[in-house]
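Some notes on the structure that comes next.
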Amino acid sequence: VYHDNNKMILLWLIILFSLIIAKIGHYYDYFITPISAGALLIAILLTPRIALMASIVVAFMVGLGIEYYIRAIAFVLFGSLIGVYTVIKKSHGYSLLRTGLIIAIANVIVIASTGFIAQTSTNELLIQILLGGLSGVFSAVITTGTLPYFEHSFKITTPITLMDLGQSNQPLLQRLLLEAPGTYQHSVIIDKLAAAA
């Protein structure tokens, strides 16, 4: 990535995007911030390893902005790391909705455990847990909404795009089925062999 200017620009744009989300969330509540979206975008568009590194960098940058409020830093870091891990563990594509729900669960656990340690009042903690759960879902929604724009702008093909292209209702595949059914059947067999491999 370091030797590819296009990918470097993309990486820093996503990090900047994450920090803008964090700044906007700072005006409402730290725990509603869907900052895991940046880590998901980097994991999908670039590589999971870079996403892990970027998650740590973003967590510390957010920490600088909020005077090292440890609960918010833990929320940002663990939510992002769990999101990246969920994306890379799926061998045959991934579901961003499922990833969002897993991030929401991780956020709830982190907020609840740090809240008990900090002896936060019950009402405040319940609100923070609710906001943390919503944050995970919002992360998946933001990732789903912005991913196509990043893909088209930087000409990156992701597994989601390949899965869309492989759908049998694609116009090109429909035309192939009608005009060259033998070639179509052969392609389907090769597709199944490649997926199994």
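Structure values in brief
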quantity: Qualifying positions in the stretch 156-172 - touching a residue at least 12 places away in the same chain (Cβ under 8 Å) and more than 18 Å from the chain's Cα centre (by Cα); calculated: GLY166
quantity: Answer from ILE109, ILE102 - the residue that is assigned to a helix (DSSP H, G or I), buried (at least 16 other Cβ atoms within 10 Å of the Cβ) and modelled with pLDDT of 90 or more; calculated: ILE102
quantity: Residue match in the stretch 16-25 (condition: closer than 20 Å to HIS152 by Cα, open to solvent by 80 Å² or more (accessible area, probe 1.4 Å) and part of a helix (DSSP H, G or I)); calculated: yes
quantity: Selection count where residues are touching a Leu at 6+ places or on another chain (Cβ under 8 Å) and among the aromatic types (Phe, Trp, Tyr), scope the stretch 139-156; calculated: 2
quantity: Residue within the stretch 135-144 that is over 29 Å from ASP4 (Cα atoms) and either outside any helix (DSSP H, G or I) or aliphatic (A, V, I, L, M) (or both) present; calculated: yes
quantity: Flag for LEU126 being assigned to a helix (DSSP H, G or I), closer than 14 Å to ILE44 by Cβ and open to solvent by 100 Å² or more (accessible area, probe 1.4 Å); calculated: no
quantity: Selected residue (only one of LEU173, LEU177, LEU162 is open to solvent by 100 Å² or more (accessible area, probe 1.4 Å), assigned to a helix (DSSP H, G or I) and not acidic (Asp, Glu)); calculated: LEU162
quantity: Candidate set: the stretch 26-42, residues that are in a helix (DSSP H, G or I) and without any contact (Cβ under 8 Å) to a residue 60 or more places away in the chain; chosen: the one farthest from the chain's Cα centre (by Cα); calculated: HIS26
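The values are calculated or read from the model by the stated rules, or taken from the named source; none is laboratory data. All figures in this text were calculated on a predicted structure; none of them were measured in a lab. Note that we place each Cβ from the backbone using ideal geometry, even for glycine, and neighbour counts take in every protein chain shown. Ligands, DNA and RNA are excluded from the accessible area calculation, which covers all protein heavy atoms including side chains. Shrake-Rupley method; radii C 1.70, N 1.55, O 1.52, S 1.80 Å.
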